[in-house]
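The structure under discussion appears below in the form of structure tokens.
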Amino acid sequence: MSIESGAAPQKTSSKSSSFLDQREGSRSLHFVKYHGLGNDFILVDNRDSSEPKITPEQAVKLCDRNFGIGADGVIFALPGVNGTDYTMRIFNSDGSEPEMCGNGVRCFARFIAELENLHGKRQSFTVHTGAGLIVPEIQEDGLVKVDMGQPVLKAANVPTKLASNKNDAVVKSELVVDGVTWNVTCVSMGNPHCVTFGTKGGEDLQVDALNLAQIGPKFEHHDAFPARTNTEFVQVYSPSHLKMRAWERGSGATLACGTGACATVVAAVLEGRATRKCTVDLPGGPLDIEWREEDNQVYMTGPAEVVLGAFVFEVDQQERFITKKSIVPAACGIEDMIPLLVLLKVYGQLI
């Protein structure tokens, strides 16, 4: 997989260090919270270790929106492997580990650019993920374009137990969920997706009318999906304009799903509903998706923005966080943020 590059990014050599270089000891957890169209993540600087600095159980507590920082997941920036620049791993808010996350990789790219003090007209990296090689590129307008790789359509590799009906793929196949028959197309973007445009014989889907919290889990845990599945409910405005709501495996309803938007366009093309270049409206905003016919690659372009400032959590010997969060408004430039250490003894379970 390759991507054209412009001016090569350069690391600054001035005395000013990375905005997370102020260390309070080896047991510090340095992170920043980002969002991609409302799909929010805690980004952890993990470049000095090949293993995540916190456990899935701790990630669940950090993601709690009442007793933690609040996020859809925790993303770790680890050293690269197999010749890549970096490795990205994710723990969902339920502690599970997905292969990849489209919105998350855009946030990851912006985080790396800040960590490394990279400057240049364009900044691109190679990132090893559970879904394979991913290449994000920060464009001059600040948006992040990501080469998401090729979609996987073979039923057994999605994976789904539904029988293939079109060149080993599952396209507009019938799936009975809670007594209702839905037409679904199954796609993997490194993680499994079930895309539906409506029920069998029903009218076009009106996604805002869906009770996502009720129907989503029934798709996610359906026997047809041995690894569970992400589910996209899609409304077609025009051949180049779609609207989608996602139920994400391990996270539930989110404001945006990058891999889901990619899978949605692939499914819409396979069903003859859309062109290969579409804008996909999500609750958090739009993503531009292109499934190129010449190389079969899927490209996603969208924003990634900092939500909260830099933090430091000290962890004591009993593995309890002994700090509390301190919020820095997103309006502050991230390069001006200073890691804040606010000590607060917390007895009992870690927050």
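The values are calculated or read from the model by the stated rules, or taken from the named source; none is laboratory data. None of these values were measured; they are calculated from a predicted model. Here the Cβ is made from the backbone with ideal geometry for all residues, glycine too, and neighbour counts use every protein chain on show.
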Reported set for the stretch 192-204 where residues are modelled with pLDDT of 95 or more and within 27 Å of Glu290 (Cβ to Cβ) is Pro192, His193, Cys194, Val195, Thr196, Phe197, Gly198
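Here are some residues: Pro226, Pro217. Which one is within 22 Å of the chain's Cα centre (by Cα) and touching a residue at least 40 places away in the same chain (Cβ under 8 Å)? Break it down stepwise before answering.
On the way: Pro217 fails: touching a residue at least 40 places away in the same chain (Cβ under 8 Å).
Selected residue: Pro226, the only one of Pro226, Pro217 that is within 22 Å of the chain's Cα centre (by Cα) and touching a residue at least 40 places away in the same chain (Cβ under 8 Å).
From the list Leu205, Leu175, exactly one residue is crowded, with 19+ Cβ neighbours inside 10 Å, touching a Phe, Trp or Tyr at 6+ places or on another chain (Cβ under 9 Å), assigned to a strand (DSSP E or B) and not β-branched (Val, Ile, Thr). Which is it? Step through it out loud before you land on a result.
On the way: Leu205 fails: assigned to a strand (DSSP E or B).
The match here is Leu175.
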Considering the stretch 208-245 alone, what residues qualify as being over 27 Å from Glu97 (Cβ atoms) and either part of a helix (DSSP H, G or I) or among the hydrophobic types (A, V, I, L, M, F, W, C) (or both)?
Asp208, Ala209, Leu210, Val236, Leu242
Quick count over the stretch 229-250, residues being crowded, with 21+ Cβ neighbours inside 10 Å, out of contact with any Leu (no Cβ under 7 Å at 6 or more places or on another chain) and either more than 23 Å from Phe41 (Cβ to Cβ) or touching a residue at least 60 places away in the same chain (Cβ under 8 Å) (or both), is 4
